[in-house]
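J.: Here it is, the structure in full.
Derivation of every value follows stated rules applied to the coordinates shown; laboratory data play no part. It should be emphasised that the depicted structure is a prediction, and the values quoted were computed from it without experimental measurement. When we count neighbours, we look across all protein chains shown, and the Cβ atoms used for this are built from the backbone with ideal geometry, even at glycine.
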Amino acid sequence: MKVLIVEDEFISRTLLSEFLSPYAICDTAADGKEALEILTKAHENNDRYDLVCLDIMMPELDGHAVLSHLRRMEHEGNVAGDKITTVFMTTALDDARNIMNAFNLGRCQAYLIKPILRDRLEAHVREFLLPH
């Protein structure tokens, strides 16, 4: 499995990488612009990510914009169904507007409030990404 962790805080980026490394190869991006470049290149090379952990509040481009662009790339490339990238929003924002935007507009699969708990993250990985 291949994971992109998009997080502007070094400690959060490192913890997520540590939590997910038993399951996947983890790449990281420190802001939305860098994430978009990585996701675009992966999409163009048909080497897409299985999971993107995406913070919302980041410099350059926020997580909602990155998620929207990812879904647009997938739609334009006829990527659908179980082939779309699983996205977990990993954020400190717990207000209804951000949560609804992530699920309804961006079609994320999970919304995890910081601090991210290993058990909860692993439960979502098992639910959405590992064979049952």
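J.: When the dipole is taken about the Cα centre of the chain, and only Lys, Arg (+1) and Asp, Glu (-1) are charged at their Cβ, what size is it in debye, to the nearest 20?
T.: Computed about the Cα centre, the dipole is about 360 debye.
J.: Return the single residue from C53, C108, C26 with maximal mean-square fluctuation; model: Gaussian network over the chain, springs between Cα atoms under 10 Å.
T.: Highest fluctuation of the listed residues: C26.
J.: Which value at 222 nm does the chain reach when only helices count, each DSSP H run of 4 or more adding -39,500 (n - 2.57), with the total divided by all residues and rounded to the nearest 500 deg cm²/dmol?
T.: Details: 5 runs with 54 residues, N = 132.
The helix contribution divided over the chain gives -12500 deg cm²/dmol.
J.: Right, another one. Inverting the mean 1/r over all pairs of different Cα atoms, compute the Kirkwood radius of segment 43-130 and quote it in Å.
T.: Values: mean 1/r = 0.0742 Å⁻¹.
It is 13.5 Å.
J.: Here's something else I'd like to know. Grab the eigenvalues of the alpha-carbon gyration tensor for segment 86-126, scale each by 5, take roots, and send me the semi-axes largest first in whole angstrom.
T.: Semi-axes from the Cα gyration tensor: 18, 13, 6 Å.
J.: Among H43, H64, H75, which one moves the most in a GNM of the chain with springs linking Cα atoms closer than 10 Å?
T.: Checking each option, the largest mean-square fluctuation is seen for H75.
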